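The values are calculated or read from the model by the stated rules, or taken from the named source; none is laboratory data. Remember, it's a predicted structure, so these values are computed and weren't measured experimentally. Here the Cβ positions follow ideal geometry from the backbone for every residue, glycine too, while neighbour counts run over all protein chains shown. Heads up: the accessible areas ignore ligands, DNA and RNA and are worked out on the full protein's heavy atoms, side chains in. Shrake-Rupley method; radii C 1.70, N 1.55, O 1.52, S 1.80 Å.
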Amino acid sequence: MGSVGLEVRHVEGLREHYALTLRLWVGKLEASWDQAVPEVGPSRARIRRLYVAASALGFEAGGIHLHQVLAMRVARRTERDAAATRLVRRPTRGETMVREVWGRGAELRQASRMLESVPSGPAALILDGEEGIGKTTIWDSVVSQADTLGYGVVSARPVASESRLAFAGVADLLRDGLDEALTDLPPPQQTALEGVMLQVDVEGSPDPKAVAFGLHGCLQAVA
């Protein structure tokens, strides 16, 4: 993909999902067997059923894989062209590397309006949708634009397997540069945040109130 100017941004394994799809195909073929056999002949119908059923077993056992790849084109543009994309609001002199995102103009314009409103007060943008539709690509573009605008950016991106882990997002934020402000916090808040990052032993779970006040203090320190 790199040879044709594409950059891979997200890869999703669909092995289990495709096994279910194949099982449904087998079920539909068997349910319509009396109509399928006269159409293609008994030999071809049996081969098709065997092929699809065996493929389903292969996907279930991990012998066959299927991946969905989301890629984006990376192109070099001049300052004038880069500014027009709204992905890079303040390009540097000369050429700027711009990541083109296709088919997401409405979402990116909405994200730009949200970023422009930040000086007036707190703002939020929620990206919601099924897996594999490009939310991560939009997220990366928004983060890049915020950084270009001169905003201080800290990022937390826990994976699905961490959704049940307490403070997973807080730990990501702290590792993204906020940990430098820990030493200026009151001891209870500092200990709580160090416990979140597993740097010290804490009896039980870190105190949520201490974590909240400590994180707020870190954000204020780096703002």
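Kindly indicate whether residue 66 is among the aliphatic types (A, V, I, L, M), under 30 Å from residue 157 (Cβ atoms) and either touching a residue at least 12 places away in the same chain (Cβ under 8 Å) or open to solvent by 60 Å² or more (accessible area, probe 1.4 Å) (or both).
Working: among the aliphatic types (A, V, I, L, M): yes; under 30 Å from residue 157 (Cβ atoms): yes; either touching a residue at least 12 places away in the same chain (Cβ under 8 Å) or open to solvent by 60 Å² or more (accessible area, probe 1.4 Å) (or both): yes.
Taking the combined requirement at face value, the residue satisfies it.
Just one of 170, 222, 211 is over 18 Å from residue 155 (Cβ atoms), in contact (Cβ under 8 Å) with a residue 40 or more places away in the chain and aliphatic (A, V, I, L, M); which is it?
Working: 170 fails: over 18 Å from residue 155 (Cβ atoms); 222 fails: over 18 Å from residue 155 (Cβ atoms).
After applying the criteria, what remains is 211.
Would a scan of the range 90-101 turn up a residue that is modelled with pLDDT of 50 or more, open to solvent by 80 Å² or more (accessible area, probe 1.4 Å) and on the phi < 0 side of the Ramachandran plot? Working first, answer last.
Taking the range 90-101 and keeping what is modelled with pLDDT of 50 or more, we get 99-101.
In the following step, the residues that additionally are open to solvent by 80 Å² or more (accessible area, probe 1.4 Å) were identified as 99.
Right, trim to on the phi < 0 side of the Ramachandran plot and you get 99.
Yes, the conditions are met somewhere in the range 90-101.
Can you find, within the range 182-208, the residue that is surrounded by the most Cβ atoms within 10 Å (Cβ to Cβ) among those that are β-branched (Val, Ile, Thr) and within 23 Å of residue 153 (Cα to Cα)?
The selected residue is 196.
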Going through (1) under 25 Å from residue 68 (Cβ atoms); (2) open to solvent by less than 40 Å² (accessible area, probe 1.4 Å); (3) in contact (Cβ under 8 Å) with a residue 40 or more places away in the chain; (4) not aromatic (Phe, Trp, Tyr) one by one, residue 144 fails only at (2)
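Of all the residues that make up the range 99-141, how many are free of Cβ contacts under 8 Å to residues at least 40 places away in the same chain and either under 18 Å from residue 6 (Cβ atoms) or of a type outside the set (S, T, N, Q) (or both)? Let's see the steps before the verdict.
Quick first cut of the range 99-141, residues free of Cβ contacts under 8 Å to residues at least 40 places away in the same chain only: 100, 102-130, 133, 135, 138-139.
With either under 18 Å from residue 6 (Cβ atoms) or of a type outside the set (S, T, N, Q) (or both) added as a condition, the list becomes 100, 102-109, 111, 113-116, 118-119, 121-130, 133, 135, 138-139.
Of the residues in that region, 30 qualify.
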Do we have residue 127 as in a helix (DSSP H, G or I), modelled with pLDDT of 70 or more, touching a Phe, Trp or Tyr at 6+ places or on another chain (Cβ under 9 Å) and within 29 Å of residue 71 (Cα to Cα) here? no
